[in-house]
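Colleague: Once you've had a glance at the structure underneath, I'll fire off some questions.
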Amino acid sequence: MNQHNKYIIARIIGNELYPRDTIGVRLKSLQFILDNEPSYIPKIWILNQIFDSNLKHKLITILDKHQQNYSILNFDSKKYKQAQTKNEKIKEAININKARNVGIDLTKDYQFRFVFDGDCFFTEELWRETINQIESDQKINNRKFYGVPGIRISDCIPTSLTGLKKWEPSLVFRSDADMRFDENIPFAQCDKIELLRRIGYRCEKGEAVPETTQCINVGTL
């Protein structure tokens with residue numbers, strides 16, 4: 001199996017949530033990644049329950065223009081209106097963990113699946129270094145999971161980590177990884193952290209550090 005069909009990135013693109021997000025940030029991030037990330041890296045995009053039809057149309061137009069593979073998880077307004085509690089409504093509008101699991105399932109033919117949010121990307125140098133670290137580790141360890149330090153970039157290519165806001169790691173799943181994201185956890189309520197803890201991370205004070213042999217972090221700038 002060569003590198004081009006061994007690794008793939010599944011990226012989740014969700015709604016713009018005001019005031020948390022600014023208008024146009026999803027389109028800006030998507031275009032930036034497509035313009036700057038190496039085109040040879042296999043990708044699939046998950047459009048996650050986007051209820052703004054205008055935004056959804058513009059995202060699809062960009063993806064089609066760049067001949068990208070994507071899958072659409074439709075927003076069901078009827079189910080959203082029927083939801084009784086705040087958490088139920090969040091689930092119907094932004095079930096991020098369901099989208100992440102869909103990304104894992106859609107990439108089952110690849111040995112390593114990177115599950116990323118829509119505004120995280122790789123420079124060519126960072127991609128090659130990340131792959132090299134995974135390859136080297138697999139020669140001596142039987143790990144099914146890897147963490148990629150979460151640094152979100154939307155409008156520039158950094159030369160160092162200094163000054164960039166860090167987030168919890170995104171995960172890489174080997175084809176035989178036997179854990180998934182818990183779809184019952186609402187968005188922004190430790191939705192990703194719950195799985196990080198299950199595979200051995202200590203998560204506190206804005207940091208996530210692997211403390212068991214199940215997972216290590218890979219990739220540096």
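The values are calculated or read from the model by the stated rules, or taken from the named source; none is laboratory data. None of the values given here were measured: they were computed from a predicted structure. Positions of Cβ are backbone-derived with ideal geometry, glycine not excepted, and every protein chain shown enters the neighbour counts. All accessible areas refer to the heavy atoms of the entire protein, side chains included, with ligands and DNA or RNA removed. Shrake-Rupley method; radii C 1.70, N 1.55, O 1.52, S 1.80 Å.
Colleague: Run His66 past the list (1) within 23 Å of Ser29 (Cα to Cα); (2) open to solvent by less than 30 Å² (accessible area, probe 1.4 Å); (3) modelled with pLDDT of 95 or more and report the number of the one that doesn't hold.
Modeller: In the conditions (1) within 23 Å of Ser29 (Cα to Cα); (2) open to solvent by less than 30 Å² (accessible area, probe 1.4 Å); (3) modelled with pLDDT of 95 or more, His66 misses (2) alone.
Colleague: Another question, then. Wholly within segment 114-221, which strands (runs of 3 or more DSSP E) include no fewer than the required count, namely at least 1 residues that are farther than 21 Å from Lys43 by Cβ and at pLDDT below 95?
Modeller: Hits in segment 114-221: 166-174, 201-204, 207-210, 215-217.
Colleague: Just give me the residues in segment 44-63 being open to solvent by less than 20 Å² (accessible area, probe 1.4 Å), under 23 Å from Tyr110 (Cα atoms) and outside any helix (DSSP H, G or I), in sequence order.
Modeller: Trp45, Ile46, Leu47, Asn48 - these are the residues of segment 44-63 that are open to solvent by less than 20 Å² (accessible area, probe 1.4 Å), under 23 Å from Tyr110 (Cα atoms) and outside any helix (DSSP H, G or I).
Colleague: Please verify whether Leu17 is surrounded by 11 or more Cβ atoms within 10 Å (Cβ to Cβ), in a helix (DSSP H, G or I) and either in contact (Cβ under 8 Å) with a residue 12 or more places away in the chain or of a type in the set (Lys, Arg) (or both), treating the condition exactly as stated.
Modeller: Taking the combined requirement at face value, the residue does not satisfy it.
Colleague: Sticking with this one: Tell me, which residue of segment 77-128 that is crowded, with 16+ Cβ neighbours inside 10 Å and among the β-branched types (Val, Ile, Thr) is nearest to Pro169 (Cα to Cα)?
Modeller: Within segment 77-128, the match that is nearest to Pro169 (Cα to Cα) is Val115.
Colleague: Report yes if Ile41 is among the β-branched types (Val, Ile, Thr) and either closer than 21 Å to Gln189 by Cβ or surrounded by fewer than 16 Cβ atoms within 10 Å (Cβ to Cβ) (or both), otherwise no. Lay out the reasoning, then the answer.
Modeller: Details: among the β-branched types (Val, Ile, Thr): yes; either closer than 21 Å to Gln189 by Cβ or surrounded by fewer than 16 Cβ atoms within 10 Å (Cβ to Cβ) (or both): no.
Judged against the criteria, Ile41 is not a match.
Colleague: Does Ala93 meet the test of being among the small types (Gly, Ala, Ser), modelled with pLDDT under 95 and under 16 Å from Ile13 (Cα atoms)?
Modeller: yes
Colleague: In this structure, is Ile72 in a helix (DSSP H, G or I) and either out of contact with any Gly (no Cβ under 9 Å at 6 or more places or on another chain) or free of Cβ contacts under 8 Å to residues at least 60 places away in the same chain (or both)?
Modeller: no
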